[in-house]
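Quick notes on the structure that follows.
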Amino acid sequence: MSQNYSTTLNTRPFMYNETKLIVTLMVSGLSETEIKNKVLQDNIFQLTSLDRAGRFYREIMKRIDNLDEYLIERFINADSLTSRALLLYAILKKDTLFFEWMKEVIFDKFLIMERTLSKQETDYFFELKSEQSSTVANWTPSTKKILRDSYHQVLKDAGMLVELEGYAYLQPLVIELQVENYLIEYKEKQVVEVMLGESLE
C-alpha cells in the first residue's frame, strides 16, 4: 500500500490556541507574510525554538486550507466545543493515517456503542498498518508509542475522549446544530461520519 503516512502529530499536536491565533490574524486582514513574520519575529506562539515555531505555523496553514470561508468564520466565533470540532475536521482532512485510525477504530466503536478506548487497541492498529505499509513498518516502537499517545491526546483536546478512574471513554462531539447540518450537507460524507460517530446513510 502506498500512502502518504506521517508522524506529524508527534511534534505538531492539536494546537488549538495557536490555530485560533493564526485564524484571527487572517480574518483581521493580515497577509500570510505578515502573519509568518509575527510567528517568527514577534514569537506570538511564545516558543523557545524559532524552528519549532515555523513548523507549527506551516502545519497550521495546511490544516486551515481545509476550512472554507463559512467554517473559518464559525471556528472563530462559535463556542469552544464547536471550534475544537472544526479543528478536528481539519486534521482529519490533512492527516491520512489519523483519518484511517478514526475510521477503523473510533468510528467502529461508535457504531457498536462501545465507548471505551485502550492504548492496546491503537497499538494493534499500528501493527496492522505495519503489515500494509513499509513506511509504518519502518517506524521505531518509540515513534509508534508517541504517535499513539498523540492520537489519544488529540481526541481529548477535541472533547471526544475523557479519562475517568484510569479508563478512557469516547463521547460524541458537541457541535452547533447549524454547523453540524452544514458539514453533513456540504462536506465529505466519510469524514463527517467519522467526526460525528454515526452513519449518514
Next on the checklist: For region 5-62, give me each residue that is in a helix (DSSP H, G or I) and touching a residue at least 60 places away in the same chain (Cβ under 8 Å).
Outcome noted: 8, 9, 10, 16, 19, 20
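Give the residue, chosen from 85, 90, that is in contact with a helix residue (DSSP H, G or I) (Cβ under 6 Å, 6 or more places away or on another chain), surrounded by 14 or more Cβ atoms within 10 Å (Cβ to Cβ) and in a helix (DSSP H, G or I).
On the way: 85 fails: in contact with a helix residue (DSSP H, G or I) (Cβ under 6 Å, 6 or more places away or on another chain).
Residue meeting the stated conditions: 90.
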Next on the checklist: Any residue at all in region 110-124 that's under 20 Å from residue 184 (Cβ atoms) and either modelled with pLDDT of 95 or more or of a type outside the set (S, T, N, Q) (or both)?
Outcome noted: yes
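Of all the residues that make up region 98-114, how many are surrounded by fewer than 15 Cβ atoms within 10 Å (Cβ to Cβ) and assigned to a helix (DSSP H, G or I)? Spell out how you get there, then give the answer.
Initially, region 98-114 is screened for residues surrounded by fewer than 15 Cβ atoms within 10 Å (Cβ to Cβ), giving 104, 108, 111-114.
Among the residues that remain, those that are also assigned to a helix (DSSP H, G or I) are: 104, 108, 111.
Selection size over region 98-114: 3.
Please specify each residue of region 46-68 satisfying the condition of being of a type outside the set (Gly, Ala, Ser) and more than 19 Å from the chain's Cα centre (by Cα).
So the first thing to find is which residues in region 46-68 are of a type outside the set (Gly, Ala, Ser), and the list is 46-48, 50-52, 55-68.
Passing the criteria: 46, 47, 48, 50, 51.
The values are calculated or read from the model by the stated rules, or taken from the named source; none is laboratory data. Given the structure is predicted, the values throughout are model-derived calculations rather than measurements. Virtual Cβ from ideal backbone geometry, glycine too; neighbours counted across all protein chains shown.
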